[in-house]
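Structure first, then comments.
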Amino acid sequence: MTVAINSYARDELLAYFVQNLGGTRRWENILTKIDTSQNVDIDLGSVKIPLPLKAMRPFVGSFLLGAAARRFLRPSLRQLTRQDISRIREAVGRTDLSERVFAEKVRDRCVEIEESHPPLGRWIRRQIALLEILIAPPPEMTPDTVRAAIGLRQGLFQATAVLPVTLTAALNLAEQIIHDALRAAALATCSVFGGECQVSANLMIPIKADRHLGPYPSHSSAAASHARAEGLWRSINVDRRLLVVGETKGAGHQGFWVPVASSPDGDELPGAPYAYHRMSPNAVFKDDLPPFAGFSEQICEKWRQYMKEHFSERLFVSIPLLVPDSARAGTGSMVAAVLNVNASPGMGDAWYRAYHEEWLDLAQGRVAQFAEIALYAFLVKAHAERALGQGGSIQIDTGSTLWDRLAIADMMMLPGAKQ
């Protein structure tokens, strides 16, 4: 069985592509300049010879679609965007087709190429997913999803209102809201990338590394996740970490943490650290791992081993929750938390859309409200825990006092609250 080349191995992909698919550029350049919309006569002085270009149109059109597919698939360091599809359509002279029809026909040619060139299979499926934004854009959010957000906010208001009255009830209610909001976020992500599948989600918050002294919360599952993180990242010294503080029920990642680290060349660790630094979503596929550029081979190997032995899903998507940098308008954005969605889609529906910025942006917009609710619910839960003498070492540290504390807590007299 032929193994597909890793989609991040651009040099290897390009070498294969040039050797097997790079020999038609001259004909492409010639045929893109031929106007097959009308016949012409070749004037030889005493005689004119008709050249029936219209009869050539089906052949030329089909060839140009193949040329478009090869241009679209040619590996490069720059990730193509939706605008590149329009540019290629114009370059090969197929503006007679709508963008959607053009994308459909290019997809069909890409599938044909994949059948003949299995080593390019992963790369081709990755690229086809970009065409799908023109072919099958996701439907609008359903009314049920909108109502779910309303219900979760109502529950959040109740938890906040109960906080001055009974800490334990507020804590339990907030914890349930975290579970439900993250479940809703996971399903909203599914609606973008390819339908419902086995999925879970967790919420990471930024914290000061020197304040994270042990597992959170204090139970065996979190302690095991914490220990795995320590084994992975102990050698990386950073000021800030991203810590899993809430998850959908049974997910098994709570207590895990990652360092907010960059290499000397400015590369981030994949997943949540990338999302946090770049303020942009990032997907990691278990069978197509990105390189650990700039980090030691020892750390790289430990991460690969962790993904193989302890990450049971097929991929995860890290989505930052962007919030205003201050209460004043125009002061920019910052990351208050990172949502991780872990998924195991079927082989025929592998979420390749998550490779592309256009699809990731759609997902980020859909999950933001649920990630925000989960974050506020965690602030309620953390405040109740501190008042009860639980979890006191965990304190969110976004860098902005606007988002690091529960605003209502400043107005409450918690020592007199019932426990």
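The values are calculated or read from the model by the stated rules, or taken from the named source; none is laboratory data. As the structure is a computational prediction, the values presented were derived from the model and not from experiment. Positions of Cβ are generated from backbone atoms using ideal geometry, with glycine treated the same way; all protein chains shown enter the neighbour counts.
Structure values in brief
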{"quantity": "Whichever residue in the stretch 89-104 is buried (at least 19 other Cβ atoms within 10 Å of the Cβ) and at pLDDT 95 or above and, among such residues, is farthest from VAL3 (Cα to Cα)", "calculated": "PHE102"}
{"quantity": "Test: residue in the stretch 17-40 that is at pLDDT 90 or above, outside any helix (DSSP H, G or I) and buried (at least 16 other Cβ atoms within 10 Å of the Cβ)", "calculated": "no"}
{"quantity": "Test: residue in the stretch 158-174 that is under 28 Å from VAL258 (Cβ atoms), within 25 Å of the chain's Cα centre (by Cα) and either touching a residue at least 12 places away in the same chain (Cβ under 8 Å) or in the same structural domain as GLY250 (by TED's automatic domain parsing) (or both)", "calculated": "no"}
{"quantity": "Out of ALA283, ALA336, sole residue that is part of a strand (DSSP E or B), within 30 Å of ARG125 (Cα to Cα) and within 18 Å of the chain's Cα centre (by Cα)", "calculated": "ALA283"}
{"quantity": "Residues of the stretch 307-325 satisfying the condition of being over 19 Å from the mean Cα position of the chain (by Cα), touching a residue at least 24 places away in the same chain (Cβ under 8 Å) and surrounded by fewer than 16 Cβ atoms within 10 Å (Cβ to Cβ)", "calculated": "HIS310"}
{"quantity": "The stretch 1-16, residues that are surrounded by 16 or more Cβ atoms within 10 Å (Cβ to Cβ) and among the β-branched types (Val, Ile, Thr)", "calculated": "ILE5"}
{"quantity": "So SER225, is it farther than 20 Å from THR398 by Cβ and not in a loop (DSSP other than H, G, I, E, B)", "calculated": "yes"}
{"quantity": "Of residues in the stretch 172-216 being within 17 Å of ILE394 (Cβ to Cβ) and in a loop (DSSP other than H, G, I, E, B), the one modelled with the highest pLDDT", "calculated": "TYR216"}
{"quantity": "Residue under evaluation GLY250, criteria (1) within 21 Å of the chain's Cα centre (by Cα); (2) surrounded by fewer than 15 Cβ atoms within 10 Å (Cβ to Cβ), criterion not met", "calculated": "(1)"}
{"quantity": "Checking ARG153 against (1) charged (D, E, K, R); (2) touching a residue at least 60 places away in the same chain (Cβ under 8 Å); (3) part of a loop (DSSP other than H, G, I, E, B), the condition it does not meet", "calculated": "(3)"}
